[in-house]
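Participant: Sharing a structure below in structure tokens format, with a few things to ask.
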Amino acid sequence: SNTTGELGLGFNNPFQMEVSVIYNQPPNIIQFSCGFNHSLFLDVEGNVFSVGYNEMGNLGLGNNTDQNELQKIPNIPPIQAISASYSSYLLDFEGNIWNCGWNLNGQGHEDGNSNFDVPTKLTSISNIEQIAFGTSGYHFLAKYLLWEAILLDKLVLLLEIILMGGMPGISVNS
């Protein structure tokens, strides 16, 4: 609807248009995520740009002012993936999650239920490979690299046991 500038067109009025060009769009955008009246854009260099509704700090700009033009989020490491809903989640190349915005139910930060207007690194989880947000903003999923490694180790151990003839009822012909 663009009532809070979430389309990045340089104005806040609702309108209908067949084709829109984002005002001041950085080159080489490789991913975008649409949140609750705000949008995130990730470029090939790992920079994140935000635009739109910002009452809860979900743009990560250190304030609560809505933006109708793309703004680069400052003071974050290079990012590999983004996900938005009522909050904004950023996944860096080290497997850490950075979050800003709505935190009513403590879904984004270990520090209670206050909103954050700058991206803050979550310290309770790491080694994350993939992130995704639920549509209602209450659910957030992160895929751990650690769990894949544990499952892979168990599979390798099981195959070694089978190949050595250690599993009753299972034979391997070579």
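The values are calculated or read from the model by the stated rules, or taken from the named source; none is laboratory data. These numbers come from a predicted model, not from an experiment. Virtual Cβ from ideal backbone geometry, glycine too; neighbours counted across all protein chains shown. Heavy atoms of the whole protein, side chains included, go into the accessibility calculation; ligands, DNA and RNA do not. Shrake-Rupley method; radii C 1.70, N 1.55, O 1.52, S 1.80 Å.
Participant: Excluding ligands, DNA and RNA, what is the solvent-accessible area per residue of the range 36-103 at a probe of 1.4 Å, expressed in Å²?
Facilitator: Ligands and nucleic acids excluded, the figure is 34 Å² per residue.
Participant: I'd like the distance separating the alpha-carbon centroids of the range 118-132 and the range 63-99, in whole Å.
Facilitator: A separation of 11 Å, based on Cα centres.
Participant: Would you kindly derive the ³J(HN,Hα) couplings of the range 60-73 from the backbone phi angles with the Karplus curve 6.51 cos²θ - 1.76 cosθ + 1.60 (θ = phi - 60°), listing them in order in whole Hz, with x for Gly and Pro?
Facilitator: With the stated coefficients, the range 60-73 comes to x, 9, x, 8, 10, 8, 4, 10, 10, 10, 4, 10, 6, 6 Hz.
Participant: List every residue whose amide H lies under 5 Å from the amide H of H38, counting only residues 5 or more places away in sequence or on a different chain, with H placed 1.01 Å from N in the peptide plane.
Facilitator: The list, which skips near neighbours in sequence, is Y53.
Participant: Can you compute the FRET efficiency between L122 and N12 using 1/(1 + (r/R0)^6), with r the Cβ-Cβ distance and R0 = 22 Å? Round to the nearest 0.05.
Facilitator: The computed FRET efficiency comes out at 0.10.
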